[in-house]
Amino acid sequence: MAIVACLLIALGIQPDPGSGVPEDAVSVSAPLSLAAESKTDAGAKLTPVSLTIPAIDVKADVTRLGLNADRTVEVPKDADDAGWYRHGPAPGENGSAVILGHVDSTTGPAVFYRLKNLERGEKVAVQLSDDSVAHYQVVRVALYENEDFPAQKVYSASVGRPALNLVTCGGSYDRDAGGYQSNVVVYTKYLGATDRTASPDASTSAG
């Protein structure tokens, strides 16, 4: 399935100590943004296997994403899948777990087509490999132009609490300029974890 790609740009960032973002960080094609390997890498005991966002009718498998040879972030091969950046924290661990998804493809809307429509307070659930479910609540939805993408903030492994950031392409689409000119980021806060059969309301707020 062909994917409509985001623009490739160099971020030219100065990393925050401990953020894990390299000085030569480069953004990725659809959806954007490179981060560096963190100490968790693929060694996390639990990994995400599916993502549910009821408010925008998302129920998707979650694949594992790494880095391409040019040190851009891999993206899901299937437009209907989301992908977890495996070199960063896993959902439920301290730090910013990142899940990316395409906004569309050449055949129509993709998994994160309606991500920009999420509102504060709406819920996100990630099923993990032990069948537990990590619950999150949307805090903010932001749109960044490609050259202003805050890679350290989105991919920070040094956050002292669990967080989950969802990323996709957004803004205007300019074929001549290489694709979408912005990125949508949904910031969430961790509410806690339950087993798969429990109600999300049973989770404990982490503030």
Alpha carbons only, please: Rg and Dmax for segment 41-202, in angstrom. 14.9, 49
Take the Cα pairs of segment 41-96, get the Kirkwood Rh, then feed it into Stokes-Einstein at 37 °C and 0.692 mPa s and tell me D in µm²/s. 269 µm²/s
Quick one: if you stick a label point 7 Å off each Cα along the C-beta vector at residue 52 and residue 71, how many nm between them? 4.0 nm
Per-residue Cβ neighbour rank within 10 angstrom, fewest leading, 99, 56: 56, 99
How much length, in nm to one decimal, is gained on full extension between residue 106 and residue 195, taken as 0.36 nm per residue of separation minus their Cα-Cα distance? 28.3 nm
If you take the beta carbon distance between residue 45 and residue 117 as r and set R0 to 30 Å, what does 1/(1 + (r/R0)^6) give as a FRET efficiency, to the nearest 0.05? 0.35
Could you give P(r) for segment 118-188, binned at 10 Å from zero, as whole percent values over all Cα-Cα pairs? 18, 40, 30, 10, 1
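All of the numbers you see were taken from the coordinates with simple rules; none came from a lab. Values in this document were obtained by computation on a predicted structure and should not be read as measured data. Cβ sites come from the backbone with ideal geometry, for glycine too, and all protein chains shown count toward neighbours.
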